[in-house]
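A quick write-up on the structure given underneath.
The values are calculated or read from the model by the stated rules, or taken from the named source; none is laboratory data. Bear in mind the structure is a predicted one, so any value in this text is a computation, not a measurement. Cβ coordinates were reconstructed from backbone atoms using ideal geometry, including for glycine residues, and neighbour counts include every protein chain displayed. Side chains are part of the model used for accessible areas, which takes the heavy atoms of the whole protein and leaves out ligands, DNA and RNA. Shrake-Rupley method; radii C 1.70, N 1.55, O 1.52, S 1.80 Å.
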Amino acid sequence: MEFEVIRMPQTEEQLEQTFQQNGPFLSAMYTENDERIHGPENFIMDHWVMLWASGAGFLLAAKEQGNIIGLGMCVKFRDMWYGKQRLEINRYSVANEVNDEKVVVRAMMDYLLDNRTLLMFDELYLLHRTVDGGEYKELVWRANQT
Amino acid sequence: MLDWNQYEFFGILPRLRGKQLPRGYATVAHNVDLTHGTLLPFREPLKVKELNNAIRLYVRGCDIYAFDKCVEVAEWLPDCPRLFVTGRVGYPETVELNGDNMTFRRLGVMQPLTPPDVQPIYINTEKSRSVAYVVTFINYFGEESAPSLPSIDISIEDGTAVGISLDYNPPLEYDIKSMRIYRRETGFRTGAEKEQEMVTNWFLIGEVRGTNAFITDTVTIAEVGYGLTTQEVREPPRNMRNITNIEETAILAGSVANKLYFSQNLQSYNFPLSQEMTLDDSIVAMQSVGNTLYVATDGYPYQVVGDVGCDSRECRQVNKYDIPMPMIACHTGKGSTKTPFGMVYVSADGLVLLSGNTQRVITTDVFSADDWRRLAPHTMRLAFHKGAIYCVSEVISFILWLDSETYQDSKHKRLVTIEDEPIDMVETRQGELLLLLEDGAYQWNAGSTWRPYKWVSGDIDSPFLYSITRIRLKTNEFGVRCNLQSSIGEVVRDFPVGDNILPFSRLGRHKVYNIEITGIGEVTEIDVGVSQLDMASK
């Protein structure tokens, strides 16, 4: 599995291309429960562009043989309460053909952890969303564990 | 009168039976320091750093670094405050050090995979000429990659504005910071030609930050920068292991299966194709002693010259040793160590020393091959410290003294077992041995308390049945416990400090006895006798 941090497009053409490539995964991040609460208008794109433009987040693509098989929306920020640098996979979606989505998500987190000294974070969280609209945030890794 | 006394105490020789042991040798010598030919305790290890979940230790100067993966670590030049690591992730890494903090980046600089996108301009005049562009990546350390494939050829006049679009997304781990753009020019003269010659080269046009940019080239031919020098640069391969610094040079070596890679001298990021070698056997471990690289494999061992002056594989002399001695402790990652006289590694028959052109199993005088296999050699980890090999496996930990030239006090020691079972061991630059235990790094033999030892004599035998009833034992500093053992039982007495004779109750009459000493006192003499009268002369 290979990974790509999807960077901010420089031109309109690149932006369109990036949307085309990642659109299905971004759409899948807008869950049925989101639709029930917020209506049919998918705001994930806006959310993503805001994070991207402000430098607070990025998309991480997991690829196999050049094809995207998973996409994670990553948010990095300094925790207001404890002063820790956090990285969170806030939303993710995995291709239908993947047998076990946990393997792809685990590999994404491993990639982020392997590069934690470059990304400079103290804690890594994964936000799980259940079908009934429940959410829980899993602390995957914390600094000071060798 | 029974003639058995012990004024010189030696280590163990497991390949010999109790009755075969020369006078003074032991059947058990555990945690005992035999430097003086007496029985002395070692000190308990001293904890120097708290560590959790670590399985590899590395010490650079006074800084202790721990890794949670089975890594190999190399240093490079003394003024390069970085480490080079393989085995942590699927590619080699370079580690920037800042106190306890380590920043990992991928070693090497990837080549841009696509050519720059150049505005197609075709001017057809007498002054026009054909040019093309390439781009290189520059990483955080200022190291430069090989060039991309060239762009399309365009025809321009001098100073024509050319739009160049650079749109790359190199993987995060390379930490690429900028790009350099080069333009091909033809017609330069170097000044050394005797005849008019057309020289073609790629010349620097400029450098841009980041990996996405649109630039306009208006640089005239008189303003171009230096020529491209990185055509032969190649990043080290994915899955490289065994990264090793070749001493006396500025070359790093690494391996993938049976391929051996060398970096260009003074370029730790550049492992050119011209330096790549293929051996007949898959490489398991490598150690550099001087500028010689010793290579242990799953078949024959090798010796490779790592000279600075080599710029191609032909000049690296390779010596394949005569006898196949596969290294078997491959999954521990620490089954080999360097010594001043060569590389030592774990084979199925014992510890093998590769030194110059000779290969030798150095443990055969203490462990026969079948003894050795009972010690779980496939789990062994090695370290070399003050003339001795420290060897730890799942079933035994022992110290084997080798270097009687540098350390001439090794007459009595040879082989003793110890109770520590470190996960990893490292000798520091200050000559101390650090042990990685479950909860931290410990300095060997440096604590403030003594560690009790146990020493059991070889067989005290006689052709006739007899009964030992008296033992004389001289101990300093602390008392010790003496345990007289026969085939049916044992008698235990605690000897106080000083020179004392204590009576031992009868165990019946036997042909063979052993004496076990435990404690922390320094025992210098032991005599045994069959009666009080017998002891009068001792």
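For the stretch A:84-115, what are the residues that are within 14 Å of chain B (Cβ to nearest Cβ) and either surrounded by fewer than 18 Cβ atoms within 10 Å (Cβ to Cβ) or under 19 Å from A:Ile69 (Cα atoms) (or both)?
Correct list: A:Gln85, A:Ala107, A:Met108, A:Met109, A:Asp110, A:Tyr111, A:Leu112, A:Leu113.
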ask   = Failed condition for B:Tyr65, given (1) crowded, with 18+ Cβ neighbours inside 10 Å; (2) more than 10 Å from chain A (Cβ to nearest Cβ), with all others met?
value = (2)
query = Since B:Arg506 meets every condition but one in (1) closer than 30 Å to B:Glu44 by Cα; (2) surrounded by fewer than 19 Cβ atoms within 10 Å (Cβ to Cβ); (3) in contact (Cβ under 8 Å) with a residue 24 or more places away in the chain, which condition does it not meet?
reply = (1)
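Taking the condition under 23 Å from the mean Cα position of the chain (by Cα) and more than 21 Å from B:Tyr345 (Cβ to Cβ), does B:Glu432 pass? Before you say what the answer is, go through the steps one by one.
Details: under 23 Å from the mean Cα position of the chain (by Cα): yes; more than 21 Å from B:Tyr345 (Cβ to Cβ): yes.
Yes; evaluated as a whole, the condition is true for this residue.
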ask   = Looking at the stretch B:76-90, which of its residues are closer than 17 Å to B:Ala253 by Cβ, more than 13 Å from every other protein chain (Cβ to nearest Cβ) and part of a loop (DSSP other than H, G, I, E, B)?
value = B:Trp76, B:Leu77, B:Cys80
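In this structure, does B:Pro326 turn out to be modelled with pLDDT under 95, closer than 27 Å to B:Gly87 by Cβ and open to solvent by 10 Å² or more (accessible area, probe 1.4 Å)? Don't jump to the end; show me each part of the working.
Values: modelled with pLDDT under 95: no; closer than 27 Å to B:Gly87 by Cβ: yes; open to solvent by 10 Å² or more (accessible area, probe 1.4 Å): yes.
For B:Pro326, the condition - modelled with pLDDT under 95, closer than 27 Å to B:Gly87 by Cβ and open to solvent by 10 Å² or more (accessible area, probe 1.4 Å) - is not met.
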key: Residue within the stretch B:306-314 that is open to solvent by less than 20 Å² (accessible area, probe 1.4 Å) and not hydrophobic (A, V, I, L, M, F, W, C) present   = yes
task = Restrict the check to the stretch B:121-135 and report whether at least one residue is of a type in the set (Asp, Glu), modelled with pLDDT under 95 and part of a loop (DSSP other than H, G, I, E, B).
result = yes
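Can you say whether B:Asn514 is outside any loop (DSSP other than H, G, I, E, B) and touching a residue at least 60 places away in the same chain (Cβ under 8 Å), as far as the supplied structure shows? Show your work before the answer.
Details: outside any loop (DSSP other than H, G, I, E, B): yes; touching a residue at least 60 places away in the same chain (Cβ under 8 Å): yes.
The answer is yes for B:Asn514.
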key: Where B:Ile55 falls short, out of the listed (1) more than 30 Å from B:Asn476 (Cβ to Cβ); (2) open to solvent by less than 20 Å² (accessible area, probe 1.4 Å)   = (2)
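Looking at the structure I just gave you, is B:His36 surrounded by fewer than 16 Cβ atoms within 10 Å (Cβ to Cβ) and over 30 Å from B:Phe141 (Cβ atoms)? Talk me through it step by step, then tell me what you get.
Numbers: surrounded by fewer than 16 Cβ atoms within 10 Å (Cβ to Cβ): yes; over 30 Å from B:Phe141 (Cβ atoms): yes.
Spelling it out, B:His36 is indeed surrounded by fewer than 16 Cβ atoms within 10 Å (Cβ to Cβ) and over 30 Å from B:Phe141 (Cβ atoms).
So, in the stretch B:351-403, how many residues would count as being among the hydroxyl-bearing types (Ser, Thr, Tyr) and open to solvent by 10 Å² or more (accessible area, probe 1.4 Å)? Walk me through how you get there before you give the answer.
The initial filter retains those residues of the stretch B:351-403 that are among the hydroxyl-bearing types (Ser, Thr, Tyr), namely B:355, B:358, B:363-364, B:368, B:379, B:390, B:393, B:397.
Restricting the remaining residues to those that are open to solvent by 10 Å² or more (accessible area, probe 1.4 Å) gives B:355, B:358, B:364, B:368, B:390.
Residues that pass the stated criteria total 5.
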Residue identified as surrounded by 14 or more Cβ atoms within 10 Å (Cβ to Cβ) and in contact with a Pro (Cβ under 8 Å, 6 or more places away or on another chain) among B:Gly529, B:Gly519 = B:Gly519
